[in-house]
Every structure is written in structure tokens, then in C-alpha cells.
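A quick write-up on the structure given underneath.
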Amino acid sequence: MLKKSFFSKISIRYTDPFNNDIFIYTLLGLIILVVLTARIHLLSFPLERDEGEYAYMGKLILDGHIPYTLAYNMKLPGTYYMYALSMLMFGKTIVGIHIGLTIISITSIILVFLISKHFVSKIGAIFSSATFGIMGTSWSLLAQAAHATHFVTFFALLGIYLLLQLYRNEKHKLIQYFISGIFFSFAFLCKQSGLFFLFFGIAIIIVNEFNFTPLKNLLKRLLVFSFGFAAPVICMLLFFYFFGDFKRFWFWTVTYLAEYGSQVPSDEIGYYFKLGINAITGQYSFVGYFALWLISLAGIPLIFFHKTSKRNKILIALFFFFSVLTIIPGFYFRQHYFITLLPIVGLLTAIFFEFFNDLFIHKFKMPIMVFTTFFVFISLVGLGINANIDYLFLQNTKISSKKIYRVNPFVESIEIADFIQKNTNKDDKIAIMGSEPQICFYADRYSASGYIYTYNLVEIHPYALSMQKEMAQEIESNKPKYLLLVDIWRSWLNQPLSERFIYKWAQDYASKNYRLVGLYDIMPYEYSSLKIYDQLNNYQPKSEDIIYIYERL
């Protein structure tokens, strides 16, 4: 008789090396600790303009103003209220906002772990939550910022988890379907693309109950789930109808949104998609993160070889499908849009490594070899963290912001806002000719116009000229003490065919009613300082990207 090999002897004693709850939950704790440490370091990261929008809207809400009355944009109000909640609890500061994001991020990691356990092993759930958590801090996804996609993902995960928990028990309470529907609704209210997660929720119910539940009961549960989704939406509509400016709310979130979603020509969709993919997987992702993106793609065909039920295989495939749909609307493929992909990316990564674990355990009878996949995964995560170590743990956040955003004036906005705050009273208003709402938030001053973005004004759509004229009229009526002219293309994104009324009006209005008192050169790789009053004498700007500060005569 042949002697047993060394690996065979080990296999007799180790049939499942990772079947140890203490080990698994220690790993989960380490993942949370790493992400928490990174998030704490990033708490003071200067707000970018989307965060500035949410923060300013949140400030207005806390001041008692209804969204879409003093500031306008196309997003539904969910993220605005999440910001208001964070600032109410932790303060109206950068840190207060990012503490809220940190809580959302850590809770989402736990939810990804719990959801993944429904489809893969415990160690697979660790792979999934680690991928989600570590990549969820990546600056290639602009994930240090409290984007709406973080909140969409959080509420979608809550809804998914609650639905999956239903099928761990024999008794299904209708209230659980209703509450799950509410969470999916919150995902939608934080950003319209969250609607696609609702369809995944419907798929979870149908796949788990079709052919197992009487049709009458299935329809009743789907109806209750749908009522749960509809309830917050109906409440929102009634709220704006009776207490807000419903006409303006509808224009921005429905009418204008339709125009915004059709800005990218069909022949340029591929170009924008390539830009987005290059941004999230290119030079900024480095070896480790790039490899995890590739591994998650390789995990797609392995879904159908995974040792789980047919129902689960269908659900994983549908989870992937609906997650991809969340990044499609508008065909812009911006970096932070891909955050909603991270839960399924984590799950597909787990499936990839579990495929090889199953080979080692069941085919080759060498379960000790699963440590190979474990160390490969840890190495890839480690490479990604190491390549980003300065950004995640060491580097001054203002320096990191400058490296990431370059000529976008997010660091400089803090100093500009400080100057404005010191030289104005609480009732003074400011006007910003550019898309820099974070300045209003930092300065704690109201905008003289509801147009806190100027992108809307120079896009190619039928409302552009009327928007420009309305912004001009609002500024003229409110007579702001300070007028900021942002001569930075990225703050406008104007095109050759854009309406030009607003540019001529701004120059004429400033020359007749204001005097230049400040100037800020926006440098691509460093930040200078604000030049004011006498410092402007004989000063020659060093950059083509400049913010001019005018004071009313």
C-alpha cells in the first residue's frame, strides 16, 4: 500500500481550516479597524463641490428652509437630509460630515459581511467585506468624499439584508417586506439611480418564493413591499406640494433631469465609459486594487460553478446586473458612481477565491492549501493599501486633496470662505459665478442665487438661457456684498455652443457695482495664498485658473 503524502495527512486533520468563528470575527474586526483608521485620518479632507452642495443644502434644512427654495439641483433630497442629520449630530463642519460618512461606511462593511454569508462561506464573506471596505476608501473612486452613492449603497444593503433574513425563517411577517421596501426607497431618494436596487429587491422575493409560495401570497407580499417603497416617495411629494415649491422641485428632479440625462451623445458613450474605467483601475488604483477589479470580473462566469443553490446563483447574477445599471444613467461614468458596484465586486471576488478553495478541499483533498488563496488575497489588499499609504494614513489631507483634484479649488475654498466670513455680517449674501457651493457652506453665508452650480447654465438644452437670466435677476435683486468670478473651466464645463449671456452680464455687473479686492491663483500641484487689497498692486497672476473676489461699492 502506498504511503500517504504529507498533504494527505494534514488533510485528515484539517477539513475546513477557516471554520472558526473566533478567527473569522477577528479578521472582520481587523478590516473594520483598518478602514476606521483610514477614515479617521480622512475626517479633515476638504470638501469637494458635490459635498459642498450637500452640506449647503443640509445647512439650509437645519436653518428651517425647504430644499429647492433657496438652492436648486436635480438630485432628490435624501442625501441632503442625511447631511443635515450628520451635521445636527456631529457639527456643521468637514469633520462632522465625515464622521457621518465613517459610521455609514463601517455599518456597510458589516452589512456586506452578513449578506455575503447568505451566498458564500464565512471566509468568503471576509473576502467580500474586505474588498468592499478597503476599495471603499480608494481615492480612485473619490471614496473619501461623502458622495450620494455611499448613502445609496448603505440603504440598499439594509433592504437586501432584511429581505434575505426573511428566508432564514419559516414565518414571513408582512411588516418585514414593508420595512425592506422603505430602505430601498431611501436608496432611491438619496440618488435616482438607486431605483435599480429596488428591482433587485423584487427579484429576491420572486426568486425565493416563485414555485414555493401560492401565487396569491406572493402577489400580496410584493404589493406590501411596493407599498413600503412608495410610502416615503408619496410623503416626499406631499411635503413639497403643501410646504415647498413643488413646481421648482418637479422641474429640477424630473424635467431638467431628463435633459441632463441626454447630454452625452450616443457616439461618445464608449469614450466616457473608457474614461471612467481608466480612472478607477488605472494609475491611481495601483497593483492591488487593479487586480481585485480584474478578479471580480473573472468571478462572473464562476457564479455558475459555485457550490450554492440554483436560486442563489440566479440572485448573484441579478445582483451584478442591477448593480451595473446603477452606473449607467446619463452615461457619464464618473469615478464615484462606481461605489454602488462595490458590494457585488466584493461578492464576486469571494466567489473567485472560493472556486479555488473548493478545488483544494474537494478535488485535490488538500484543504491546507486554501491558505494559499488567503495569502494571495491579503497580499493584493496589502499592495493596494501600501500604494495608498500616504493618502490613507499619513499625508496632510490638504496635500492629498491637491494631488487628487489639482485645479479644482477645494483647498483654496477654505481660505476664501474665511475671508468672506470675517468681512460680512450674518445677513450678507454672496454670489458665486461658478460651481463652488462649498464656499457658501464654509463661510456660513447664503447664496444670492439658487443656482449653486453653473454647469446647468452652460449645458446644451432649451432651458440654458432662461436659467442664466434667472440667475442674473436673483443676484441683482439680492445685491450680494461679495461677488466671486470663478475663471476655472472645470467649474463651468462650458462648450463651444453654450449660451454666453451670463459671461457678459457678469463682467458688466461686476464692473459697474463692485471693486476687485481679492484674487486666488489656483495651481495644479500646489496651493498659494489669497491676495487681497494692497497685495494686488502690480501682482501678476501665475495661473490661468483664477478666482476673483469683488466687493460691492
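The values are calculated or read from the model by the stated rules, or taken from the named source; none is laboratory data. No experiment lies behind these values; they were computed from the predicted model shown. Positions of Cβ are generated from backbone atoms using ideal geometry, with glycine treated the same way; all protein chains shown enter the neighbour counts.
Here are the numbers for the structure shown:
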{"quantity": "Answer from 295, 300 - the residue that is closer than 21 Å to residue 130 by Cα, buried (at least 19 other Cβ atoms within 10 Å of the Cβ) and aliphatic (A, V, I, L, M)", "calculated": "295"}
{"quantity": "Complete set of residues in region 504-518 that are touching a Phe, Trp or Tyr at 6+ places or on another chain (Cβ under 9 Å), in a helix (DSSP H, G or I) and under 23 Å from residue 410 (Cα atoms)", "calculated": "none"}
{"quantity": "Per-region count, region 1-36, residues at pLDDT below 50 and of a type outside the set (D, E, K, R)", "calculated": "11"}
{"quantity": "Qualifying residue in region 264-274 (condition: within 13 Å of residue 66 (Cα to Cα) and not in a loop (DSSP other than H, G, I, E, B))", "calculated": "no"}
{"quantity": "Helices (runs of 4 or more DSSP H) contained entirely in region 436-480, each with at least 2 residues that are in contact (Cβ under 8 Å) with a residue 60 or more places away in the chain and either in the same structural domain as residue 56 (by TED's automatic domain parsing) or closer than 20 Å to residue 60 by Cβ (or both)", "calculated": "438-443"}
{"quantity": "Qualifying residue in region 315-335 (condition: in contact (Cβ under 8 Å) with a residue 40 or more places away in the chain, part of a helix (DSSP H, G or I), crowded, with 16+ Cβ neighbours inside 10 Å and over 23 Å from the mean Cα position of the chain (by Cα))", "calculated": "yes"}
{"quantity": "Residue count for region 428-466, restricted to those that are among the hydrophobic types (A, V, I, L, M, F, W, C), over 16 Å from residue 550 (Cα atoms) and buried (at least 23 other Cβ atoms within 10 Å of the Cβ)", "calculated": "3"}
{"quantity": "Test: residue in region 340-349 that is among the hydrophobic types (A, V, I, L, M, F, W, C), more than 28 Å from residue 272 (Cβ to Cβ) and in a helix (DSSP H, G or I)", "calculated": "no"}
{"quantity": "Residues that are of a type in the set (S, T, N, Q), modelled with pLDDT of 90 or more and part of a helix (DSSP H, G or I), drawn from region 380-409", "calculated": "397, 400, 401"}
{"quantity": "Residue pairs meeting the criteria (Cβ under 9 Å; at least 6 apart or on separate chains; first surrounded by 12 or more Cβ atoms within 10 Å (Cβ to Cβ), in region 503-514; second among the hydroxyl-bearing types (Ser, Thr, Tyr))", "calculated": "510/548; 510/550; 513/550; 514/482; 514/550"}
{"quantity": "Residue within region 263-275 that is small (Gly, Ala, Ser) and over 18 Å from residue 75 (Cα atoms) present", "calculated": "yes"}
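Listed here are the residues, each with its yes/no results for (1) outside the structural domain of residue 132 (by TED's automatic domain parsing); (2) hydrophobic (A, V, I, L, M, F, W, C); (3) modelled with pLDDT of 90 or more.
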{"site": "256", "(1), (2), (3)": "no, no, yes"}
{"site": "279", "(1), (2), (3)": "no, yes, no"}
{"site": "292", "(1), (2), (3)": "no, yes, yes"}
{"site": "295", "(1), (2), (3)": "no, yes, yes"}
{"site": "299", "(1), (2), (3)": "no, no, yes"}
{"site": "303", "(1), (2), (3)": "no, yes, yes"}
{"site": "324", "(1), (2), (3)": "no, yes, yes"}
{"site": "350", "(1), (2), (3)": "no, yes, yes"}
